[in-house]
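Visitor: Here you go, one structure.
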Amino acid sequence: MSKAVKIEIIGTQVYSDGRVDKVKYQAAGSFQKRQGKFIIIYQEPIETGMTGVSTVLKTEENRIILNRMGGAEFRQVFEPGILHHSNYVTSFASIYMSTLTEEMEINLTEQGGHITLKYNLFANDEKVSDNMLEINIKEDTPQ
């Protein structure tokens, strides 16, 4: 059964020149457990610049799969120590992207919880940044 949740996303990117970008935003979404796997679904908020894009996160025992659909198409797989490749497709271009996960923590129950990822991001086999992603999920209770 799916339940309404509030999702907080905190992302940090550290570039090779020392620049740091940090974003923090919230989204309303749904959360469910199906066949032992947690599934989180939400619409990207305006702050991300990806209006009209749906994001689906699916957790497995030692892997997270992120799928974005809509105005941008992108599939990222996070699995510690394994380099995963995909294409990031927008109406403007397609970019060959890779993700190498260094650390991953999945701490979810039926009530919510959090996910923490530390990974390297590559575009066309060139390292773009070191990244940290925190996702907090809380049940959306009526006020």
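Visitor: Would you call Ser86 in contact with a strand residue (DSSP E or B) (Cβ under 7 Å, 6 or more places away or on another chain), of a type in the set (Ser, Thr, Tyr), on the phi < 0 side of the Ramachandran plot and free of Cβ contacts under 8 Å to residues at least 12 places away in the same chain?
Guide: Taking the combined requirement at face value, the residue does not satisfy it.
Visitor: Also, I was wondering about something else. Inside the range 75-119, can you point out the residues that are among the acidic types (Asp, Glu) and under 14 Å from Asn62 (Cβ atoms)?
Guide: Within the range 75-119, Glu79, Glu102, Glu103, Glu105 meet the criteria.
Visitor: Test each condition in (1) free of Cβ contacts under 8 Å to residues at least 24 places away in the same chain; (2) under 13 Å from the mean Cα position of the chain (by Cα); (3) more than 27 Å from Gln32 (Cα to Cα) for Leu121 and report the one that comes out false.
Guide: (1)
Visitor: Considering the range 120-141 alone, what residues qualify as being hydroxyl-bearing (Ser, Thr, Tyr) and part of a loop (DSSP other than H, G, I, E, B)?
Guide: Within the range 120-141, Thr141 is the sole residue that qualifies.
Visitor: Would you pick out the residues in the range 101-123 that are within 13 Å of Ile64 (Cα to Cα), out of contact with any Phe, Trp or Tyr (no Cβ under 8 Å at 6 or more places or on another chain) and of a type in the set (S, T, N, Q)?
Guide: Those that are within 13 Å of Ile64 (Cα to Cα), out of contact with any Phe, Trp or Tyr (no Cβ under 8 Å at 6 or more places or on another chain) and of a type in the set (S, T, N, Q): Asn107, Thr116.
So that you can scan it fast, the table gives a plain yes or no per residue for (1) farther than 21 Å from Lys138 by Cα; (2) modelled with pLDDT under 95; (3) outside any strand (DSSP E or B):
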| position | (1), (2), (3) |
| --- | --- |
| Met1 | no, yes, yes |
| Asp17 | yes, yes, yes |
| Ala27 | no, yes, no |
| Phe38 | no, no, no |
| Tyr42 | no, yes, no |
| Glu47 | no, yes, yes |
| Arg75 | yes, yes, no |
| Phe92 | yes, yes, yes |
| Leu100 | yes, no, no |
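Visitor: Quick check on Asn62: is it in a loop (DSSP other than H, G, I, E, B), at pLDDT 90 or above and over 23 Å from Lys127 (Cβ atoms)?
Guide: yes
Visitor: Do we find that Asn131 is surrounded by fewer than 17 Cβ atoms within 10 Å (Cβ to Cβ), touching a Leu at 6+ places or on another chain (Cβ under 6 Å) and either aliphatic (A, V, I, L, M) or modelled with pLDDT of 95 or more (or both) in this structure?
Guide: So Asn131 does not fit the description; no.
Visitor: Going through the range 107-119 one residue at a time, which ones are touching a Leu at 6+ places or on another chain (Cβ under 9 Å) and surrounded by 16 or more Cβ atoms within 10 Å (Cβ to Cβ)?
Guide: Ile115, Leu117, Lys118, Tyr119
Visitor: Determine which member of the set Lys6, Lys33 is surrounded by 16 or more Cβ atoms within 10 Å (Cβ to Cβ), among the charged types (D, E, K, R) and within 17 Å of Glu139 (Cα to Cα).
Guide: Going through Lys6, Lys33 in turn, the sole match is Lys6.
The values are calculated or read from the model by the stated rules, or taken from the named source; none is laboratory data. Nothing here was measured: the structure is a model prediction, and the numbers come from that model. Using ideal geometry, Cβ is built from the backbone for each residue, glycine included, and neighbour counts are taken over all protein chains shown.
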